[in-house]
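The values are calculated or read from the model by the stated rules, or taken from the named source; none is laboratory data. Note that the structure is a prediction, hence the values are computed from the model and not measured. Every residue, glycine among them, receives a Cβ derived from its backbone with ideal geometry; neighbour counts consider all protein chains shown. Surface areas here come from the heavy atoms of the whole protein model, side chains and all, with no ligands, DNA or RNA. Shrake-Rupley method; radii C 1.70, N 1.55, O 1.52, S 1.80 Å.
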Amino acid sequence: MALNAQSQVIISGFITDAKTNETLIGAYVHDTITGQVVSSNTNGYYSMAVNKNSHLVYSYVGYTPQAIPVYSTTDTLISVFLTGGKKLGEVTVKARQPQRFNTSRLTIKEIEQLPSLGGSPDVLKAMQLLPGIQGQSESSSMLIVRGGDPGQNLYLLDETPLIYVNHLGGFLSVFNPDMMNDVSLSKGGFPPQYGGKLSSVVNITQKKGNASGRKGSFGISITDINGSMEGPLGKKGTYIITARKTLFDFLLLGATKLMNGGNYTMRYGFHDINSKFTWQLNPKNKLSVNLYQGDDYLHIRSKLIPPPDMPRLHSKIIWGNWLAATRWTSVLTPRLNTETALSFTRYRTAFVQSASNINNAAFKDRFSTAVNDFTLRHHWNCTLNNWSRVNAGLNSSLIKHVPYRYTSTRKEIDDEKTQEHSFLNTLYADLEINATKLLTLNTGIRAARYNINNFTDWAFEPRLRTTAHITNNIDINASYMQVKQYSHLLFTTGNIASNEVWVPANNEFRPATSDQLSAGLMVNFLNQQFHAEISGYYKDLENLSTYKAGEIDLKGDINWPSRVETGGRGFAYGLEFYLKKNYGDFTGSIGYTYSRSFRKYPNINNNQTYPFAYDRPHSLTVLLNRKLNPNWDLSMTWVYQSGLPYTPVVGRQYTPSYEYYFEPSGSGSLATGEAESFYYEALIYGEHNNGRIKPYHRLDVGLQYHKLSKRGNRVIWSFSVYNAYNRQNPNYYYFDYYSTLDTYHPQFDPEFKPLDKYQVSFFPILPSVGYKVYFEGKNREKNPIKDRFINFLMFDE
Amino acid sequence: MDLLIAFKIKKNRFVFFMGLLIIHGCHKKIPFDAAEFEQIPTLNSILATDSLFTLHASLTGKMGRDSLPVLEDALVDLYIDGTFAQTLQYTQKGIYQANHRVKPSHQYKCVLNYPNSPAVAASCTVPKATPFNKIQLIYHGWIDETGETQPTIVFTIPNDTTTTQYFDVWARIFYRSKGSNENFRFRNYHQVFLFNTEHQKSTVVSKHLEFSRNSYSPNYEYAYIFELRSVTYGYYRYAESLKLYNQGRFPEFNTSSPEPFNLYSNVKNGYGIFAAYSYFCSDTLTQNNK
């Protein structure tokens, strides 16, 4: 409130890369007269109220700052193009920078530098190295955020929700780094703009494509072959297309063919294709279209039994997403920026089994589960004056859940299907008040109406965030949020094939809710070379759902709701510490989290509270990056985590052989088939999740070699060693008689055999290499825009 | 040998799954110190009508390399319809037996006394057998994942709508060479389907059940006898729990962590299952006499 509103003008616009016209997200605009600082949003858009005679400095990490004197007497749109090339540390903003509490952010460069499993960098795996964020398991990209379930994370691809995010059973995420501009993850204190998932918002902003000329990349690693292409599209447009495809599915096919003489073959792989088309219609209006399709698939073909005219069988499991979205961004006035989007997302898993070459008996059976989401979204971003702004909007979604569908070409089997349509309409508003230079208050509400069949639910979710700016480099924050989730993800711990099923909230499966309180302290010191954070949180969860004890899927049961346990409660709390070195010879970070998470269900563990399946009290990560010379970069990560809980075997008991053991009489008579029962030893399990697997730790080392090819293209060779000291981290334990892959089934064997304890580890030391080349088209200088620095547009033009 | 085919399929899949997704997946035997577990009497008996009353008595124990002890010197009393009938005689391997044959509609109760343990007791009332109203075998009923045609049965049974009844259908399977006139030989005997009548409002229950012979040979033809077991609630709960126990104990492909599930017990102060059933057998059904 330092300025008189009469003497203010609104300056707004977009901040982009001068060479590529790519959006710069999180760039700072500093009013050196008033000390006010704002940052650009995911569209690169900023807006601030300034004095009529002001002096603005635009800056972004790694870019040369631009200083612009403002003498305008009217509201003005100023779009700024920043030129890259500055190292971090050469430029620092001597002003308070807006801090984003409860939010983890990684740059694409940071992600690409990390050593990776299989030589392919992965966004979600990288996120798991940050405090408060853990992986579902060693092989999974699914996130566990502050003790929440894996289905409580909202994944947004250019603000469009994506439902399934795993490739290769979680080995990789579906997010292709070639396509990304910015990645952030919000763990709490969600702005009212976001909701519908209880634990986190993962916001992935994609590039819009290089405006100055055509360029692309080609890469190959152990997991996949990938490529990207981007460039201008007419005079006003840009495009970017990326694609990935596994190579080993064909290797696997050949290997299995050789091993089995063609009687049994298997092929597993994934692909994804991602594209974005953007048109800058005029300085105030931008239109973009996103298209994504990605699938994982496992094919098993067999011709098992002689003679050769026996049937050919084909089993297929396929799962993945479709996404189509269009987004229109418009600056209606310098004070008011709007965004309107229409999107469609589909996720489905299908198990298909078919047989051919059978006399009059060919068939095709298909079990599937799916979610279809149509959403219309409208968002306003309004700068009222230099001390307040409002974000508001509405979402309207039509969601079709198909938790269970079974079809068969066989006449004797009836098709079975359950599907439900739900409508979710949401209104939200968020008021930001910079009450004084020392205090920023965000207060808002998200109101939702959910309707499905005869069930209607209203939600009023209060959101509150307040930040005290102690100095330019020290901030303290406290936040409270309530969130409601209208779908439940049923999952089991660690199953390879995707058995994750989404079920909609209704009378039976009540909407899940979460209340989270969090507080934190952020400090920048030594000329912003170091950044430190301490955060604490407490989260309360209600109306959770999961599989009933012992159940692992819904397949083959039209009465599937009987397999779901409802009415669960949970709570989680934790402390997170994070120290990051931003620039210098060495860069890196140390993160430590102490956290606990518990669940309670009426029919699990006798209604007693038990540790959540992903409860890891201690988690420590160390990241280190070092530029060895102009060509070589070294990076290392070390991870230590408490072992996951599991339900231990505590004893043994005899039980009758319900399936009988037979001693065929051999008399050849129909009447003589004497059954003989026996008693065998069965395991007795203790309290649910009362045991804990050994701690998990792992060191990964990566080396990157950069060079220019003879044609002048940038080439990167990535060498990485996963689990460098070959730690055999247990994934789970089991008891068996044999040490081979065969399993001993005591219920079929009257002879006692002693059981031993075994551990299953996944990844031992795993070296990998990746190659990537970046090329530019011949017209790279055809449309240079690097000399453009500023576009002024008086708003009444 | 053909019995192993289905298992081989799973094994092959497992090997390739592991090779692909776990790369160098490692199963390693690890030492473990089993914590002490109290030795609690375990009483097991699944009684069939017309069979001699038999019971198995043992003790629970901690994990270890020796087999669990059976009780050779326990005192086991049998009560029928609330009246003391006799003390069971120990035979061998933990088995105690009465000279009484199990009859439907009677309540059987066992009390096991063992030194330093509270009395262990369990009871159940044997249901009456329920006949098939009508049963039909569809010899080529469906096709399993190996491409083999498998049988389906369609049957109806009467339903007492005043109470929930529990059933377990079993198949006795016989075989002989295709086209021969030789007698059918016994092949296999296993569970087909467990169900109850909890939500059945009609006085007749109809079922259409696909099941697998669990074996295949193109050179054989098969005959079936279906056994409709009218089972006690304890039997039903135990059978359900056994399915989930096995599912968690022996996960398919062995690639996921087990989902542990304890066996159901209706034994007071102890472990085990005390249950009973009556049964009704169909005629022998073949491809020709459907």
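Averaged over the residues of peptide B:29-41, the number of Cβ atoms from other protein chains lying within 10 Å of each residue's Cβ is 4. Computed across the protein assembly as shown, the Kirkwood radius stands at 32.6 Å (inverse of mean 1/r, all Cα pairs).
The 1.4 Å probe gives accessible areas that order A:R327, A:R405, largest first, as A:R405, A:R327. A:F678 contributes about 20 Å² of solvent-accessible surface, heavy atoms of the protein only, 1.4 Å probe.
Across peptide B:178-191, the mean count of Cβ atoms from other chains lying within 10 Å of each residue's own Cβ comes to 4. Applying 1/(1 + (r/R0)^6) with R0 = 45 Å to the Cβ-Cβ distance of A:L441 and A:H706, what FRET efficiency is obtained, to the nearest 0.05? Result of the calculation: an efficiency of 0.45. Both chains summed, the buried accessible area for B and A stands near 8400 Å², from protein heavy atoms and a 1.4 Å probe.
Of all the accessible heavy-atom surface of the protein assembly as shown, with the other protein chains kept in place and a 1.4 Å probe, what percent is carbon and sulfur? Result for the protein assembly as shown: 55 percent of the exposed heavy-atom area is carbon or sulfur.
The mean sequence distance of close C-alpha pairs (under 8 Å, at least 6 residues apart), as a share of the length of chain A, puts its relative contact order at 11 percent. The orientation-averaged projection of the convex hull spanning the C-alpha atoms of chain B amounts to 19.5 square nanometres. Look at where the Cα atoms of region B:74-121 and of region A:215-253 average out, and the two centres are 74 Å apart.
For chain B, the relative contact order works out to 21 percent when only alpha carbon pairs closer than 8 Å and six or more residues apart are counted.
Counts of other chain beta carbons within 10 angstrom of each beta carbon in peptide A:751-762 average 5.
Using a cut-off of under 11 Å, list every residue of region A:444-459 whose amide N is near the label point 7 Å from the Cα of A:N507 along the Cα-to-beta-carbon line. Backbone N within reach: A:453-456. A quarter of the convex hull surface defined by the alpha-carbon atoms of region B:73-167 gives 11.1 nm² as the mean projection. In a simple Cβ point-charge model (Lys, Arg +1; Asp, Glu -1; nothing else charged), chain A has a dipole of about 2860 debye relative to its Cα centre. Give the Debye-formula value of log10 I(q)/I(0) at each listed q (0.11, 0.17 Å⁻¹), with one equal scatterer per alpha carbon of region A:147-232, two decimals each. Debye output, listed in q order: -0.40, -0.82.
Of A:R449, A:R616, the order by accessible heavy-atom surface (1.4 Å probe, DNA, RNA and ligands excluded), from most exposed downward, is A:R449, A:R616. Here B:T284 sits with roughly 40 square angstrom of accessible surface, probe radius 1.4 Å.
Model label sites at A:T103 and A:T74, defined 7 Å from Cα along the beta-carbon direction, differ in position by 3.3 nm. Axis angle, to the nearest 10 degrees, between helix A:248-260 and the longest C-alpha principal axis of chain A: 10 degrees. Rolled with a 1.4 Å probe across the full set of protein chains, the surface gives A:R465 an accessible area near 50 Å². For the protein assembly as shown, adding -39500 (n - 2.57) for each run of n ≥ 4 DSSP H residues and dividing by the number of residues yields -1500 deg cm²/dmol at 222 nm.
With contacts taken as Cα pairs under 8 Å and at least 6 residues apart, region A:393-541 reaches a relative contact order of 16 percent. Most tightly packed first, judged by the mean number of other beta-carbon atoms within 10 Å of their residues, the peptides A:546-552, B:224-230 read B:224-230, A:546-552.
Take each peptide in A:721-731, A:65-75, count the other Cβ atoms within 10 Å of every residue, and average; sorted highest first, the result is A:721-731, A:65-75. Solvent exposure of the protein assembly as shown, expressed per residue, is 41 Å² of accessible area, with all protein chains present and a 1.4 angstrom probe. In terms of packing, defined here as the mean over residues of other Cβ atoms within 10 angstrom, the peptides A:713-719, A:434-440 line up highest first as A:713-719, A:434-440.
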